[in-house]
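Worksheet: one structure, shown below.
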Amino acid sequence: MLPPADKVYLFFICLVVDAIFNILLLLAIALSNPTLASVGQSLALPASMVADLILHHFLMPWPALIGAGCVFCGFCGFVYEELRHGNSHSSNPEVTTEDRRALLNGEESPEPYAESSLDSDNLNNVVA
């Protein structure tokens, strides 16, 4: 059953907001550390609590506020460690840096493992 005609615009607003969220999440994964992006995604719940407070003047109970504060502090701690140690969670920072530059410049990403010494003969020897 379709929603009433005067509420259809809400469906399209949700559609656009969800599409923007997914696009920004994929960009965050591509331009930064995927772990950082997934931990940052957990900030959606505290952000929705703030939106409820601003839009609907609904104050969450104190255990929810404590939980949101813990999520925010955990994210801040993760970001602090990332900044302190550099991109420590990346397995190959050279390839990642080239990929980021290519993505930002609109170029094609370099071939992964292009300089690898594994060809089909060596791969068969490794598997066998």
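The values are calculated or read from the model by the stated rules, or taken from the named source; none is laboratory data. Keep in mind it's a predicted model, so treat the numbers as computed, not measured. Because the Cβ atoms are built from the backbone with ideal geometry, glycine has one as well, and the counts that use them run over all protein chains shown. Note: areas computed on protein heavy atoms with side chains; ligands, DNA, RNA excluded. Shrake-Rupley method; radii C 1.70, N 1.55, O 1.52, S 1.80 Å.
When you scan the range 55-73, do you find a residue that is open to solvent by less than 50 Å² (accessible area, probe 1.4 Å) and assigned to a loop (DSSP other than H, G, I, E, B), even just one? Within the range 55-73, one or more residues are open to solvent by less than 50 Å² (accessible area, probe 1.4 Å) and assigned to a loop (DSSP other than H, G, I, E, B).
When you scan the range 1-56, how many residues do you find that are of a type in the set (Asp, Glu) and modelled with pLDDT of 90 or more? Residues flagged as of a type in the set (Asp, Glu) and modelled with pLDDT of 90 or more within the range 1-56 amount to 2. A count restricted to the range 4-33 and to residues that are part of a helix (DSSP H, G or I) and touching a residue at least 24 places away in the same chain (Cβ under 8 Å) stands at 2.
Among the residues making up the range 31-51, those that are open to solvent by 50 Å² or more (accessible area, probe 1.4 Å) and of a type outside the set (S, T, N, Q) are Leu31, Pro34, Leu45, Ala47, Val50.
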